[in-house]
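Derivation of every value follows stated rules applied to the coordinates shown; laboratory data play no part. Fair warning: this is a prediction, and the values are worked out from it, not measured in the lab. Here the Cβ is made from the backbone with ideal geometry for all residues, glycine too, and neighbour counts use every protein chain on show.
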């Protein structure tokens, strides 16, 4: 009996998440009602409230699940040196390419800032963490540089997803890696 309940819970949560993701393609999280989510999922409101208290909690569950999967995927690789940052960046782009639909939705204007901030943290942890390890840059300056690089990278990813991923993950990794290491002077 317990496994049947677990399967039903998993199914319910899955269809609720799918319904919210579909609705987020049409409008912002603040404009989505529980009633709309339930209608799309073909689930009654009391069942919804047995799992989530509001649409923001459901969105957070989707974001957390995505982030957990991303961290698990990137955590399989042991890239720690600057030379290996290109490989990690390519793995990141490959993952985002595979999950492009949900990434596009979660990075859209229709969600909250939580996912973007969490994405910035992950980008920093896996891509830029060892970037300035041998540098004499003071911590405050490093923080500004890091915010600039991570924010720019997130928006590059967002633009790449929104415009149909015309370049391969490898090409995108090289573009980002070259810019990070050579800046605008590397484009000449």
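Numbers below:
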| read-out | value |
| --- | --- |
| Least to most buried among 51, 155 (fewest other Cβ within 10 Å first) | 155, 51 |
| Between helix 139-162 and the chain: long-axis angle, C-alpha atoms, 0 to 90°, nearest 10 | 60 degrees |
| GNM flexibility winner over the chain from 31, 119, 152 (Cα, springs under 10 Å) | 31 |
| For segment 27-122, alpha-carbon Rg over 2.2 N^0.38 Å | 1.31 |
| Choice from 146, 136, 163 with maximal GNM fluctuation in the chain (Cα, 10 Å cutoff) | 136 |
| Relative contact order of segment 62-187, defined on C-alpha pairs under 8 angstrom at six or more residues apart (%) | 36 percent |
| From the C-alpha gyration tensor of segment 2-53, square roots of 5λ in Å | 21, 11, 8 |
| Residues 14, 120, 88, sorted so that the one with the fewest Cβ neighbours within 10 Å comes first | 14, 120, 88 |
| Packing-based exposure ordering (other Cβ within 10 Å, fewest first) of 105, 168, 12 | 168, 12, 105 |
| C-alpha center-to-center spacing [segment 11-38, segment 138-185] in angstrom | 31 Å |
| Rough spin-label spacing in nm, given labels placed 7 Å along Cα→Cβ, for residue 181 and residue 45 | 5.7 nm |
| Between helix 55-74 and the chain: long-axis angle, C-alpha atoms, 0 to 90°, nearest 10 | 40 degrees |
| Residue among 11, 48, 95 with the largest mean-square fluctuation in a Gaussian network model of the chain, springs linking Cα atoms under 10 Å | 11 |
| Rg to Rh, two decimals, where the chain supplies the alpha carbon set and Rh follows Kirkwood | 1.05 |
| Mean separation of Cα contacts under 8 Å, 6 or more apart, over the residue count of segment 2-53: relative contact order % | 35 percent |
